[in-house]
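What follows draws every value from the coordinates through simple rules; no lab data is involved. Keep in mind the model is a prediction, meaning the values are calculated, not measured. Note that each Cβ is placed from the backbone with ideal geometry, even for glycine, and that neighbours are counted across all protein chains shown.
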Amino acid sequence: MTTEIVVSSDQPFEVEFKVFEEDTWLVMSASNHIRAVREPLEELQNRAIDQSPLPIGRLELRGNAAFAVVHDFDRATPFSESAVQDCLVDLCRHIEEGGLKSLAIQALGGFHRAEPLEESVRRIRETNWPDCLERIWVITPG
């Protein structure tokens, strides 16, 4: 079975799982809106002190979403193509284990313009996706 791949900035269909391009500190996908803080200040401070960067190449799972850590701003060359490959391998494993049928994924490397968008899309098209995956929406910058 062939996986249908749609490249668009607009959502073409409903998806079960989303993947965002991210950096080691998870700041690239942070929004710029203020949300109500429900945790005590001391708890927030302790979590901030204990926080450390995620390793580049990790696919950080959070519910029905994942953060593909493909940038490390502490390196001379922040973007890593090999980190994208590592994340895609882990993503395929997760898709297969969960039997996912639809996926939205930012064009890793191209969404935040670390490399040409065409290169990111090519890499996604050439990935050997699990048979259960029917459709992929490759999210491009609007």
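Note on the chain: helix-only mean residue ellipticity at 222 nm, from DSSP H runs of 4+ residues weighted -39500 (n - 2.57) and normalised by residue number, equals -8500 deg cm²/dmol.
Distance distribution P(r), the range 39-110, all Cα-Cα pairs, bin width 10 angstrom from 0: 17, 40, 27, 16, 0 percent.
Dipole orientation for the chain: of the candidates P55, T127, S8, S8 has the Cα lying most toward the positive pole (charges on Cβ; Lys, Arg +1; Asp, Glu -1). Taking one quarter of the surface of the convex hull spanned by the alpha-carbon atoms of the chain gives a direction-averaged projected area of 9.6 nm². Under 5 Å between amide hydrogens, built in the peptide plane, is the criterion, and for V19 it picks out A66, A104, I105, Q106 among residues at least 5 positions away or on other chains.
In whole Å, what is the distance between the alpha-carbon centres of the range 6-57 and the range 102-142? With the range 6-57 and the range 102-142 each reduced to a Cα centre, they are spaced 19 Å. The angle between the Cα long axis of helix 41-50 and the main principal axis of the chain comes to about 60°, on a 0 to 90 degree scale.
What the phi angles of the range 134-142 give under the Karplus curve with 6.51, -1.76 and 1.60, with θ = phi - 60°, is a coupling list of 8, 9, 10, 9, 8, 7, 10, x, x Hz, glycine and proline written as x.
Explain nothing, just the number: relative contact order of the chain, from Cα pairs under 8 Å at least 6 residues apart, as a whole percent. Could you put the intermediate results ahead of the total?
Details: 243 pairs, mean separation 51.3, N = 142.
The value is 36 percent.
Return the ratio Rg/(2.2 N^0.38 Å) for the range 81-141, where Rg is computed over Cα atoms only. For the range 81-141, the normalised Cα radius of gyration is 1.07. For the range 1-74, what D do you get in µm² per second when you plug the Kirkwood radius from alpha-carbon pairs into Stokes-Einstein at 25 °C and 0.890 mPa s? The Stokes-Einstein estimate is 163 µm²/s. Compared with the dominant principal axis of the Cα atoms in the chain, helix 81-98 is inclined by about 80°.
Hey, fewest Cβ within 10 Å first, where do I5, I49, I56 land in order?
With the sparsest Cβ surroundings first, the list reads I49, I5, I56.
Phi angles of the range 110-120 translate, via the Karplus equation with coefficients 6.51, -1.76, 1.60 and θ = phi - 60°, into HN-Hα couplings of x, 5, 9, 6, 7, 8, x, 4, 4, 5, 5 Hz per residue; Gly and Pro are given as x.
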